[in-house]
Amino acid sequence: MNFTRREAVKHLTAAGAGALLSQCASSQKHDRRPNILFIMTDDQTVDQMSCYGHPYLQTPNMDRIASEGTKFNNCFCTNSLCAPSRATVLNGCYSSNSGVQTNSYPMAGDPEQLNPDLMTFPELLRDAGYQTGLMGKYHIKQDPKGFDDWRILPGQGKYFDPVFIENGKNNQYKGYVTDIITDKALTYLDGRDNTRPFCLVYQHKAPHRPFTPAPRHAKLWDDVDIPYPPTFEDDYSTRRAAKIATDMKLNVNLLNDYAEDISGMTDAEAKKWIYQRFVKDHNRAVAGVDENLGRVLDYLDDEGIIDNTLIIYTSDNGFYLGDHGWYDKRFMYEPSLRLPLVIRYPRLGTPGQVTESFALNIDFAPTILDIAGVEVPDYMHGRSLKPILAGNTPDEWRQSIYYHYYENYWLTVGPGRDAIEDEDFDYESFRKKVPSFAKNIHRVLPHRGIRNDRYKLIEYYTERDGYMEFFDLKTDPHEVRNVYGNAVYKDVIENMTRELKQLKARYDGV
């Protein structure tokens, strides 16, 4: 019988367990390549960890990864939307190549799916002898590729009593989804082959809308009055693309979530009430993730394998927690562009390192493959973060990042082109004109842009006049003053426009 260490301790006396463990250690030939634990939440902001400075949300287990590894202060997504981000993570490519550009529909043709010509990092690891598992949220239309064992939520899934698709079969479980995902992760780890390295992709639904914490966390911070962000009453006066994104406002789309609670309130009162409630629930859901992350880290400790495990913790994209009066993501503004990223791998040393080097989610797959000793394919757009983890950022490391958001392209052509710029845009009548119109979609126009350590240039390329935005992040960190066309920045804008053109050609072929 092939006992795990945990089973041995459970079933034998202390002396017997010691003898068995000694025998196992001497008789088995272990593959010393690192294990991989990749952890990703849904819509968690860079600020929602105490190691990043959150004033009251304590995340000791996320912080442990940072304190024993590396914390990235400048990690960004390449397309701030769930499915595209997840595809990018899997095959290391921008959305132009990954096969998934939007959440709900392609720009044309059949439903989007991962590019079949590109292997994902789990496929490459499995071919190299790794055992691979996927537990939790997946949110890509076709079945997972490259996993020996996969147990995923259908679409967004549910917070309570969720259904899981388990290697193709549906099963429902009682309880809270974050706990259940972790149960499945631990069951997978307990059933692994101890002589082979594993790659476990462990992904949470939380803290995605409807912002639902576990009952045990439902009253956390009830007595806390959360300060409103500086841009809470943003009037979008210099940013017309932001002004038409009415569906992202807290007091528009979230009214349905809290209709009973805000009955009788004015719009201003409802907006403030919704903010306090939804941000607390968002943080409460993150607290549940951290609690469950602790269970997994404790397991790795108990098994004696944590120091031979590469642990990556991140989110699929950032989120607006009342910033600009919004919730959701999409725009290339800082709250949705930035990602939390902490990585622990003691073999590379440098515990407690904090780096300002730019990282992107296209880098995750190359990093995993590089540290696992698997060749990184040429088609991956990202670069391995391994030298940065070792404290040696290459001299030629990127000094700027490229971003491209695709969704709603079709809203700016045909019957949508005039409607999208209309303040009184009528969704219901427009749905009748355009049958492919997706429900609950936000009016964020397609755009691409470039950001360096101080400046950001954004191009809304479907607008008739090629509408542009430019921000000086040093003097305007909250991005409320579009200074595109300001003579003070003429040379900087020209240089960044040239670089944007080069990056468009490199990554999008345009």
task: Please report, ordered by residue number, the helices (runs of 4 or more DSSP H) entirely within segment 412-510 with at least 2 residues that are farther than 30 Å from residue 381 by Cβ and at pLDDT below 65.
output: 416-419, 427-433
message: So if I check each of 263, 237, 315, which one is under 30 Å from residue 131 (Cα atoms) and of a type in the set (S, T, N, Q)?
response: 315
field: Candidate set from segment 203-217 (those that are among the basic types (Lys, Arg) and farther than 15 Å from residue 328 by Cβ); member that is surrounded by the most Cβ atoms within 10 Å (Cβ to Cβ)
entry: 205
task: Could you check, for segment 90-105, whether at least one of its residues is over 26 Å from residue 282 (Cβ atoms) and without any contact (Cβ under 8 Å) to a residue 40 or more places away in the chain?
output: yes
query: Any chance segment 22-45 includes a residue that's touching a Cys at 6+ places or on another chain (Cβ under 7 Å), surrounded by fewer than 24 Cβ atoms within 10 Å (Cβ to Cβ), at pLDDT 95 or above and not aromatic (Phe, Trp, Tyr)?
result: no
message: From the list 343, 311, 274, exactly one residue is in a strand (DSSP E or B), in contact with a Leu (Cβ under 7 Å, 6 or more places away or on another chain), among the hydrophobic types (A, V, I, L, M, F, W, C) and over 20 Å from residue 188 (Cβ atoms). Which is it?
response: 343
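Among the candidates 246, 231, 182, which residue alone is in contact with a helix residue (DSSP H, G or I) (Cβ under 9 Å, 6 or more places away or on another chain), in contact (Cβ under 8 Å) with a residue 24 or more places away in the chain, of a type in the set (Ser, Thr, Tyr) and surrounded by 21 or more Cβ atoms within 10 Å (Cβ to Cβ)?
Only one candidate passes the filter, namely 182.
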task: Would you be able to tell me the number of residues in segment 132-154 that are more than 20 Å from residue 289 (Cα to Cα), of a type in the set (Lys, Arg) and over 18 Å from the mean Cα position of the chain (by Cα)?
output: 1
query: Taking segment 346-375, which residues are buried (at least 24 other Cβ atoms within 10 Å of the Cβ) and farther than 21 Å from residue 45 by Cβ?
result: 365, 367, 368
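Residues checked against (1) buried (at least 16 other Cβ atoms within 10 Å of the Cβ); (2) part of a helix (DSSP H, G or I):
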{"site": "219", "(1), (2)": "no, no"}
{"site": "227", "(1), (2)": "no, no"}
{"site": "284", "(1), (2)": "yes, yes"}
{"site": "297", "(1), (2)": "yes, yes"}
{"site": "301", "(1), (2)": "no, yes"}
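Name the residue, out of 317, 256, that is surrounded by fewer than 24 Cβ atoms within 10 Å (Cβ to Cβ), outside any helix (DSSP H, G or I) and not small (Gly, Ala, Ser).
Only one candidate qualifies: 256.
The values are calculated or read from the model by the stated rules, or taken from the named source; none is laboratory data. Note that the structure is predicted; figures quoted are calculated from it, not measured. Heads up, the Cβs are rebuilt from the backbone with ideal geometry, glycines too, and the neighbour counts pull from every protein chain shown.
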